[in-house]
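Report on the structure given below.
The values are calculated or read from the model by the stated rules, or taken from the named source; none is laboratory data. The shown structure was predicted, so the numbers you read here are calculated from the model rather than taken from an experiment. Virtual Cβ from ideal backbone geometry, glycine too; neighbours counted across all protein chains shown. Remember, those area values only see protein heavy atoms, side chains included, never the ligands or the DNA or RNA. Shrake-Rupley method; radii C 1.70, N 1.55, O 1.52, S 1.80 Å.
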Amino acid sequence: MSDDAPRTVRDAAFDVLRRRGLDRIFANPGSTEIRLLTDLPDDLDFVLALQEGSVVGLATGYATATDRPALVVLHTTAGLGNAVGALATARMNRAPLVVLVGQQDRRHLASRPFLTGDLDGLAGSYPVWTHAPARPQDVPGALDRAFHEASTARGPAVVAVPSDDWDAPVDARTLPSPVVVRRGRGPEPDAVAELAAMVSAARRPGIVVGADADGAATWAALVALAEHLGAPVWQEAFAARAGFPQDHPLFAGHLPPERAALRGVLDDHDLLLVVGAPVFRQYQYSPGELVAPGTTIALVTDDAEDLHHSRADLALLADPALTVSALTAALPPAAPSPPSPSPSPSPSPSPSREGSPRADRAAGSSPRAPGGPLDAPAVFTALAARLPPDAVVVEETPSSRPDLHRLVPARAPLGFLSAAEGGLGFGVPAAVGVRMGAPTRPVVAVVGDGSTLYGVQALWSAAHYGVGVLVLVMANGRYAIMDRLAADAGGKAPWPGFAEVDVAGLATALGCPARRVATHGELTDLLDDVVPGLAERDSPLVVVCELRR
Ligand SMILES: Cc1ncc(C[n+]2csc(CCOP(=O)(O)OP(=O)(O)O)c2C)c(N)n1
Ligand SMILES: [Mg+2]
C-alpha cells in the first residue's frame, strides 16, 4: 500500500463514489449515518428530503434523467421501511439506485441496541441485490459491487453499513469488482434473421412499444421500422415511459389494459412486434386470450423479467435499439407504394376504440370561455398548446390519466414518466429529481390532489435546492378514481373527500411558491406567463387547478 492510500473505510468508500460518479447523495439522516455524513467532502453534494419516500423518489427521477445510478442514504429500519414502496417503484421503473442503509455499531449489535435494524428482507424482493458486508474493510467493494448490480439489473441495490465501519482502517486498495464493465447487448444475427422472416411473412404487422423503448436510439430505430412497414404503433397500457414519438402519424395510441378491448384493438393484425414492453400489461381482469387466435407475437426486450412472463412465439433478449435497427436492415426493401402513414385522426382503429388519440385530442381543444370552470381536459389542452417539444411530463393523476395521454403527446425521449406499478407518492419527488438530473429540460408534474399528499415534502427539497419544476395539481377534493371504482362495484365508498385540504397552503408552508387557478382564463394567463421560462426556472411553482366539482 502506498503512502497516499486512503486511511479509512470512509475515505475508500468516497473514492468509490467519486469513481462511479455517485457524487450526489439523496438522503434523510439518522445517528447511524453521522460518521459517514459529517464533514462531507466538498465534491460530494448532499440533497435532503424530509421523508424517505421522497428521498427515493428524487433519486429515481434523477437516475432516470441521467440514465446512471444514483446514490441514496437511508436510516436503518425506520428509513428503509418508509422507503420500501418507493424502492419497489424504482425497481419497476428500472431505475438503478445504490442504497446505503445505516446500521447500529457492529461491536454491540449482538446485544440489540436502540436503532438496531432487522434490515435483511425488509425491502422484500424489490432490491436487485441486498448485502451486509462481512467486515468493515469490505464496505468500499460492496458499494462498487452495488453500483454494478444496480446498473446491470436496473433497480435498487442495498448495502447495510454499521456505523463504526467508517472509521476502520482499510487493508487493501484492490476492490473485488471490475474496474470497467462493457455489457454485450446486441442480438445474435441468427435471431435477427428468424425475426425478420417472421415479420416479412406477416400480412399486416402491428408494433407495440413500452417503457423500455424510451430513448433516442430506440425511438429512431422504431420510427425507421414503422415507416418501412407502414405499421401502426401502440403504446403499452399503463406505461411508465413513452416508447415512440406520440406525434408521429403512425402512432396509434395507448392500448387498453383489459383483454376484451385489447383483442378488439389488435384483431386486424396477424403479427404483433412488441418492443420494450411485457406482453401485455393488464389491469382489471377479464377472461379470454390476450389476442385473437392465429396472431403471432414477437417480443424484443432487454428485460429478462418482462420476457419470462410474456406470451410470445419468439422472444429476443437484447438491446431494443440495436435489435430493431438490425431487423429493419434484414427486411426486404419496402414495397414501391407502401401503406402511407394514415392521415389524422388515426391509422387503423375506429375512433370509438382506445388507441385513436388524435380525434379526441382535437375534441379536447375546443375553445373555452375565459371565465368558465376548469376540468382536466381543459387543463391538459391548455398545457399541450404551450409546452415545448422537449418537455418532460411526470404523471400521477389517476382519474384523468387517459385524458392526459390523449391530449399531451410525448414528443421527445423522456417526454413522459410515471410510476410503473401505480404506487402514489412518486410524481412530485420524481419530477424534482428529473429536473435536477436534466436541468435544461422543462419539467411539469401533473398530479392529483390526493397523490400530491403522498410525496408533498419533496416540494421543500425543490424550493430549498432551487429546482425549477412546475407542479400542476388537479384539485377535485377527493380520490375521484377510487370513488368511481366503488360506484362501478355498485356500492358506497367509506372514505370521505378532503376538499378542505389546502394544497397551495401546504406548498407555501413548505417554502414552495404556489398559486390557485379556478377559471380557464386564470389558467391560460398563468401558463402563458410561466411555460415559456420553464427551461430556465430556478424555483418550483405549484399551480393548484381547482376543478369543477
Ligand atoms: C401509496 C398508494 N396508496 C394508495 C393507492 C390507491 N389509490 C390509487 S388512486 C388513489 C386516489 C388518487 O387520488 P388523486 O390523486 O386525488 O387523483 P384522482 O383520483 O382524484 O384523479 C388511491 C388512493 C395507491 N395507488 N398508492
Ligand atoms: Mg383527487
### Query
Could you list, in sequence order, the residues of the stretch 393-408 that are under 18 Å from the mean Cα position of the chain (by Cα), more than 13 Å from ligand 1 (Cβ to nearest atom) and under 16 Å from Ala382 (Cα atoms)?
Val393, His405, Val408
### Message
Name the single residue that is nearest to Val394 (Cα to Cα) among those in the stretch 457-478 being of a type outside the set (A, V, I, L, M) and more than 11 Å from ligand 1 (Cβ to nearest atom).
### Response
Gly468
### Query
Got at least one residue in the stretch 436-446 being within 16 Å of ligand 1 (Cβ to nearest atom) and over 17 Å from the mean Cα position of the chain (by Cα)?
no
### Query
Which residues, taken from the stretch 116-132, are over 30 Å from Ala65 (Cα atoms) and either surrounded by 17 or more Cβ atoms within 10 Å (Cβ to Cβ) or modelled with pLDDT of 95 or more (or both)?
Thr116, Gly117
### Query
Name the residues in the stretch 438-451 that are within 16 Å of ligand 2 (Cβ to nearest atom) and either hydroxyl-bearing (Ser, Thr, Tyr) or free of Cβ contacts under 8 Å to residues at least 12 places away in the same chain (or both), would you?
Ser451
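Give me the residue from the stretch 470-493 that is among the charged types (D, E, K, R) and within 15 Å of ligand 2 (Cβ to nearest atom) and, out of that set, nearest to His520 (Cα to Cα).
Just the residues of the stretch 470-493 that are among the charged types (D, E, K, R), to begin with: 478, 483-484, 488, 492.
Now drop any that are not within 15 Å of ligand 2 (Cβ to nearest atom), which leaves 478, 483-484.
On the way: Arg478: 21, Asp483: 26, Arg484: 25 Å.
Among those residues, the one meeting the criterion is Arg478.
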### Query
For the stretch 479-537, what are the residues that are open to solvent by 40 Å² or more (accessible area, probe 1.4 Å), within 16 Å of ligand 1 (Cβ to nearest atom) and touching a Ser or Thr at 6+ places or on another chain (Cβ under 7 Å)?
Ile481, Arg484
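Taking Arg537, is it more than 25 Å from the chain's Cα centre (by Cα) and basic (Lys, Arg)?
Values: more than 25 Å from the chain's Cα centre (by Cα): no; basic (Lys, Arg): yes.
The answer is no for Arg537.
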### Query
If Val139 passes every condition in (1) open to solvent by 50 Å² or more (accessible area, probe 1.4 Å); (2) modelled with pLDDT of 95 or more; (3) not polar (S, T, N, Q) but one, which one does it miss?
(1)
### Query
Do the conditions hold for Tyr454, that is, is it within 16 Å of Val394 (Cβ to Cβ), more than 16 Å from the chain's Cα centre (by Cα), open to solvent by 10 Å² or more (accessible area, probe 1.4 Å) and within 16 Å of ligand 2 (Cβ to nearest atom)?
yes
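For (1) in contact (Cβ under 8 Å) with a residue 24 or more places away in the chain; (2) in contact with a helix residue (DSSP H, G or I) (Cβ under 7 Å, 6 or more places away or on another chain); (3) away from ligand 2 (no atom under 14 Å from the Cβ), each residue gets a yes or a no:
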{"position": "Met436", "(1), (2), (3)": "yes, yes, yes"}
{"position": "His464", "(1), (2), (3)": "yes, no, yes"}
{"position": "Gly468", "(1), (2), (3)": "yes, yes, yes"}
{"position": "Trp495", "(1), (2), (3)": "no, yes, no"}
{"position": "Ala514", "(1), (2), (3)": "yes, yes, yes"}
{"position": "Arg537", "(1), (2), (3)": "yes, no, yes"}
